[in-house]
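For reference, the structure discussed in these notes is given below.
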Amino acid sequence: MASYFENAAIQERLKTLSSLVHEIEGERLKGEQTLDHITKAHDKINQEGRLTSYNQQKLKGLYNTALSDAVQEEELLRQALTKIMEIRNICNERKLKARSEGNREIFHRGALMKMLQVSAQTLPLWVGKADSKAPPLCGAIPADPNYIAKPGDMVAAMVKIVEGDEDNWILAEVVSFNPVTRKYEVDDIDEEQKLRHTLSRRLVVPLPIMKANPETDPDALFPKGAVVMALYPQTTCFYKALVNQLPTSVLDDYELIFEDSNYADGYAPPLKVAQRYVIDIKERKKS
Amino acid sequence: MKTKYSSKKESKGKDSANYQSNGKHKDGRSQSSETTEEFDFAFPILQTVDRTRHLHCYSSILARSKDEPVTMEDLDRLQPELEVMFSCAAIRVRTLKAEITALTNAEENKAEIKPVSLVMSQKKRKLSDARFTKSLKDLSKVRNRDGLNKDSVSSENDTDNSGDVVNETPAESSKVTIPKNDTPNKFWAYVEPYAKDITKENIKDLEDLVAACDTDLGGVNIPPLGRHYSANWAEEDLNQERGSSDKAEISGMIKKAATLCERTPGPLVQRLVSALMEDPSNDSFSKLDSDSDSCPYLSKLPLFHTTACFERRLKRELEAVGFLDGENDDNDEIMTEIKKCEEELKIVAGQNKEQLELLISKAKYEMKRQEVKSRIRAIETELTEVYRKTTAAKLKKKQLKKKEKDQAWKILKKREQLLKTLENM
């Protein structure tokens, strides 16, 4: 029953999405036309070599039209992306419910890595209105100190490796948070470990829940040269790394240089890591 | 996943390529407050996403019917595409907003701000040339001002980013001029009156000086001998002590005092008495003082009011007899001193007068020369004017008119003549 309703909700949203896409296309074409006019006006002004007040007025009018087009388009795109996010949330909830019922999906390692990549890529994009600041957990912006990760959220968790007797930041999924003990229960994302950890809050760092847009919110990214903790590709562990290059677009990833003792100079060659898996972890005290 | 979408891909073909190249010139200067004439604009790139190249999933959904729902499989592909578009639209909104405000500002304050524009390459040279000449102008301006009004210079530099050299020059020059050397000015101000032309006023001053010498030569008019200073002083002292009381009373008191105190005989009396004494060794006056009875003559002196009266009376008598010369009566030592000084003054005044008269004659001579000199100067200016005309004519390869030639010769001859007269003077 429940799954039927959920499916219906998803279907409905998928339909809306389809119509939204069509609307967006309409806006886009309209906008392109205005932009064409603007280009022509620009060319004309450049040929004339000066900006007459008539042209200035004309240009201003065109700009205003283009602006309203863009605003409209932006709004529709925001709606469409919200729909997609909603669909994903429904799917996630379903997955969580299934898990709590004991039907845990088993991924083999390759599928797990793929899943991690996709989930990083499909992390919702945050684009604020002009002059608004990126919220917490968007890109490099850390979570609010009182923030409690929700069940199903991805976190970095500091756990003791049983064999090696050393600490390790692993990628984990929140199972629950006990407000009395103020401790998280997290699952190692790596199915093979099959370990559930109970950790205090300070050993759990929530991962970003939104991507920052490098083109509109470069402030919400780690600067070049920053020392971060990041998920080493093809692993489920976080290691210290240096930011070598920032992502240039919404689809781009960070380029990081990891500390890696396997290499002669102690550093791995630059590797791409998605925004979601790059976090700021304070250097823990070696006690 | 590794597909790299570049939202910076230009959809506008050639135009956008043009913009792209211009974009590199974007710097602070293009936004500086150049005049409207030097407006160089290229316009911001308004990004769009190329549908055929980057929006495959999006396009495929569009190809379907509007009512057909998007499939779950499409979702992962559609999301990035929408995100690219979203980002692009957001950037466009920001750019346009900035551009509109810039335009509005430009309207309000035309010279100040212009749209966020880029310098166009073909205009760049012209612009930099203009800037160069401008900075030169500024430099000369600054020199002329010589740091007099520093404020205006600096404010100009604030609005004008054209040359860093200009920024430095006023600062340095103003630093140098702070310890101002005034000595040459002082020197010339001091020397000027000595070197300038002689005027009629100078001659008049000299003549006045000669007249002063003449009065000196005429001698000093010595006033008659007044009251003795001691009498004057006594009167003044009493005046002070008593305040401003009656003058007659004071003089009366002084007289009284004199009768009481001045019992000593005057010089004439002494001379007379000593002449009449048989033995000068016997100081009659000491006897007179100690014992009046032993000196019968003096004790029986007639009852004159005072010794002064007696002195005066005695003098009159002696004059009448012819023993005393009445003319020499005021020939005291002060008088002789005055006479001596007067003689010296007369000698100096005579010398001064001689020199001044010489000076006057020389000044008068010089004035005549000055007159000639000024005439020569006037002619010389005329001459340079003529010379300029002739050289101009030569450059244009034009013959001078006869009248002009004659005039030139005339002026030359006149000058020669004047120079000669100056020599002969």
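Just so it is clear, none of the values below were taken in a lab; they were calculated from the coordinates. Predicted model, so just to flag it, every value in this text is computed and none were measured. Reconstructed Cβ throughout: ideal geometry from the backbone, glycine too, with neighbour counts over all protein chains shown.
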Taking every residue of B:56-67, the Cβ atoms of other protein chains inside 10 Å of its Cβ average out to 3
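Can you give the FRET efficiency to the nearest 0.05 for A:E185 and B:E68, using r as the Cβ-Cβ distance and R₀ = 60 Å? Mind dumping the intermediate values first?
Values: r = 43 Å, r/R0 = 0.71.
Taking R0 as 60 Å, the efficiency between A:E185 and B:E68 is 0.90.
At 222 nm, what value in deg cm²/dmol follows for chain A if DSSP H runs of at least 4 each add -39500 (n - 2.57) and the sum is divided by all its residues, to the nearest 500? Before the final figure, lay out each step's value.
Details: 3 runs with 108 residues, N = 287.
After summing the helix terms and dividing by the residues of chain A, the value is -14000 deg cm²/dmol.
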Zone of B:K414 (label point 7 Å along Cα→Cβ, backbone N under 19 Å): which residues in region B:354-373?
B:369-373
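At a threshold of 8 angstrom on Cα-Cα distance, excluding pairs fewer than six apart, so keeping six or more, what relative contact order does region B:348-425 reach in percent? Intermediate results must be reported in sequence, preceding the final value.
Values: 20 pairs, mean separation 34.0, N = 78.
About 44 percent, as a whole number.
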When you count, for each residue, the other Cβ atoms within 10 Å and take the mean per peptide, how do A:197-206, B:205-214 rank with the highest first?
A:197-206, B:205-214
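Provide the packing ranking of A:256-268, A:18-30, i.e. peptides ordered by the mean count of other C-beta atoms within 10 Å per residue, highest first. Spell out each step's value before the answer.
Working: A:256-268: 13.4, A:18-30: 19.1.
Those peptides, ordered most packed to least, come out A:18-30, A:256-268.
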Using packing as a proxy for protection, rank A:239-251, B:56-68 so that the peptide with the highest average count of other Cβ atoms within 10 Å comes first.
A:239-251, B:56-68
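Provide a whole-number value for the mean count of partner chain Cβ atoms within 10 Å of the Cβ atoms in peptide A:205-214.
Details: counts 0, 0, 0, 0, 0, 0, 1, 0, 6, 2.
Across A:205-214, the average partner-chain Cβ count within 10 Å equals 1.
Note down the relative contact order for region A:1-143 as a percent, whole number, built from C-alpha pairs under 8 angstrom at least six residues apart. Let's see the in-between values first.
Values: 56 pairs, mean separation 41.2, N = 143.
Result for region A:1-143 is 29 percent.
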Projected onto the charge dipole of chain A (+1 at Lys/Arg Cβ, -1 at Asp/Glu Cβ, origin at the Cα centre), which of A:T248, A:T198, A:L123 gives the Cα projection farthest towards the positive end?
A:T198
Taking the Cα-to-Cβ direction at B:S230 and at B:Q351 and moving 7 Å from each Cα, how far apart do the two end points lie in nm?
4.1
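Residue by residue through A:216-227, how many Cβ atoms from other chains fall within 10 Å of the Cβ on average?
On the way: counts 6, 2, 0, 0, 0, 0, 0, 0, 0, 0, 0, 0.
Mean shielding by partner chains, rounded to a whole number: 1.
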Under a crude label model (7 Å from the Cα following the beta-carbon direction), how far is B:E317 from A:D144 in nanometres?
14.2
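Could you tell me the relative contact order of chain A? Use alpha-carbon pairs under 8 Å, at least six residues apart, and round to a whole percent. Could the numbers behind the result be given before it?
Details: 426 pairs, mean separation 38.7, N = 287.
Relative contact order for chain A comes out at 13 percent.
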